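S.K.: Input: one structure, supplied below.
The values are calculated or read from the model by the stated rules, or taken from the named source; none is laboratory data. None of the values given here were measured: they were computed from a predicted structure. Ideal geometry is used to build each Cβ from the backbone, glycine not excepted, and the neighbour counts take in all protein chains shown.
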Amino acid sequence: MAVVVNRQTARRIRSAHTPDYDPDEWLINPDLSAMEGISESYWKVVGDRVVEMNDEERRGLTLFLHLVRGRSA
């Protein structure tokens with residue numbers, strides 16, 4: 001079994017059966033060593049790599065989540 005990461009959403013699936021995942025849409029067994037200790041919420045895919053969002057992207061996501069959660073409360 002492998003790990004796959006969606007190229008659009010950066011969603012990770014562990015123990016994936018790789019023939020079920022199109023490499024045009026999913027990274028197959030990407031190197032995630034640089035992402036250790038970083039919340040998956042702050043991952044993004046650039047080319048064929050999973051990288052951490054920059055500070056501006058993180059702030060934007062945090063603000064968005066705060067606004068969404070505030071509306072649903």
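S.K.: Could you figure out which of (1) of a type outside the set (D, E, K, R); (2) more than 11 Å from N6 (Cα to Cα); (3) in contact with a strand residue (DSSP E or B) (Cβ under 6 Å, 6 or more places away or on another chain) isn't true of G70?
M.R.: (3)
S.K.: Could you look through the range 27-73, keep only residues that are exposed (fewer than 11 other Cβ atoms within 10 Å of the Cβ) and of a type in the set (A, V, I, L, M), and pick out the one that is modelled with the lowest pLDDT?
M.R.: Ranking the qualifying residues of the range 27-73, first place goes to A73.
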